[in-house]
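Presented below is the structure to which this report refers.
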Amino acid sequence: MPELGRFVPWSTGDPGAHPGGTVTAEMAVRPTPEQVLLLAPDRAAATAATQAADPGAWSMAGCDDEAVWGQYVATSAEPYEVAVDLGGPAFRCTCPSRKVPCKHCLGLLLMHAQQHVVPAKRLPFAQQWMQRRDRHPTSREQQAVPDVQGAGDDEVAVEAAAAGVRTGARTGGHDPQREQRRLDRAERMRAGLLELDRWLADRVRTGLASPELADPDTWDRLAARLVDAQCGGLANRVKRIATRVGQHARWHEDVLEEMAVLHALAQGAMRTSTLPEHLADGVHSAAGLTTAKDDVLAGVPSTADWSVLGESRTREDRITVQRTWLAHQGGGPDGRPHTTWAMLLAFGAFGNEVTTEHHVGTQLHADVHWYPGAAPLRALIGRVHQEPRPAAAPTPDTVADAVAAAGWAMAAEPWLERYPTLTRVVPMPRGNGRWVLADRTGAMPIVPGFWRLAELVAMSGGAPITVMGELGADGVQPLTVWASGAMVLL
């Protein structure tokens, strides 16, 4: 059976009409729904395409012997203009999706396959696009196969990352101006990544004791350059590393470790064509390439009862970042309780603070859609099937299980900065003013400077309490506590 994303010649549905039951791409043939879905870049796009193949969502859809076109009425102010060249096939859509073909092109083709599109005169945008393709006949050959393997040099890898498509894929049927913008961004990103890697090499060569590292302007200039190169994720990391310089007596180890992660991300972002798909997606996100919400919501959701267990806020420059942690608890493959985490991100600019949409202590039955990545955590809430209601106290893990889960996630994405934990523990002193959360399987240090430590110890009184927190390099940051039948937000 052909793989998703591979071109399959349209079948006439009558094997006797043509030898072997197939025809050349130039002949006017209606595809079958199965053949249309084989063009999907992934299973999520195939699933979303079936929903987009709703005639009620389309305006002025039409077809002729060479093309099919229509306007998809979306949530945006203007409908998306969609056209498909049946001779390629090649695709054109004005939606922000990074997938080729997107769900709108596939949905239009599905309607055509199901004979829900009537012959009509071409709309102006479809006529102009087909005329441009006719003036460049080689484009039909180049765009006939949506997935071409073998692209591996740095420029192509970064270009594919900027385009938001799988590295090595040929993007057919796009507007030339959009393609030029993608190429321009790819070149800026490549220049920024190369400069970052050279800067890191210079810092290691001169030594971390160099006085310039203590100058905030040294880091600010590098961060500004990465922002100009549209690598915002890396720029934020550079700013966070700058705060670690001189923080304590062994700060050199922390800074060197963070610089090593920056080097790995810079190299990975220029070589995404050699990485597994999920790892490449994680590199893109860490570098600052965001996935459109429409693309995330087009994926297959996880529908379950989700409990809101914790919320944290951090300040990055002038932006407030809010993380809301959701969890679904069910039986794992081994019969033991298993916790699936989802993180909702919200941002608030200076003077316009972020608001809480899902309150800690509630439970909702909803669809959760995941952002791509090797260790998927970030997600979006789709359809909510039931109104939020009070949640019962969650079932905690042991410290050993919680640390193991965090370890596997950080091994999959070494740049992961925090991972959620839910444990039944006792706060215990470690010495030198440090405390840990411990049970019979192990202990996790509490982050230095946790200002509600006394309150946490008082709630425990030497007895186990359930603590939800974020585990990072410095330890665990407690967020929510369940003790004596009550829930307390820290």
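A simple count of charges around ARG122, restricted to other residues whose Cβ falls under 10 Å of its Cβ and scoring Lys, Arg +1 and Asp, Glu -1, yields -1. Modelled spin labels at TRP251 and VAL354, positioned 7 Å past Cα toward Cβ, are 2.7 nm from each other. Note: relative contact order over region 399-489, using C-alpha pairs below 8 Å and six or more positions apart, is 27 percent. Summing Lys and Arg as +1 and Asp and Glu as -1 over all other residues whose Cβ lies under 11 Å from the Cβ of ASP439 gives a net charge of 0. Rounded is the label for region 332-484. Its Cα gyration tensor axes, ordered a ≥ b ≥ c, give a/c under 1.5. Ratio of Rg to Rh for region 423-490: 0.91 [Cα atoms; Kirkwood radius as inverse mean 1/r over pairs].
Residues within the reach of a label modelled at ALA260 (point 7 angstrom out along Cα to beta-carbon, backbone nitrogen below 18 Å), restricted to region 208-248, are 208-209, 238, 241-242, 244-245. A prolate overall shape is assigned to region 176-287, the ratio a/c of its alpha-carbon gyration tensor axes (a ≥ b ≥ c) being 1.5 or greater and a/b exceeding b/c. For LYS103, a cut-off of 21 angstrom between C-alpha atoms picks up these lysines, skipping any fewer than 8 places away in its own chain: LYS293. Taking other C-beta atoms within 10 angstrom as a stand-in for reagent exposure, HIS328, HIS359, HIS284 fall in the order HIS359, HIS328, HIS284, fewest first. Neighbours of ALA113, meaning other residues whose beta-carbon lies under 13 angstrom from its beta-carbon, give a summed charge of 0 when Lys and Arg score +1 and Asp and Glu score -1.
Only the coordinates and a few stated rules stand behind these numbers; no lab work does. Here the structure is a predicted model, which means the values were calculated and not measured. We place every Cβ from the backbone using ideal geometry, glycine too, and count neighbours over all the protein chains shown.
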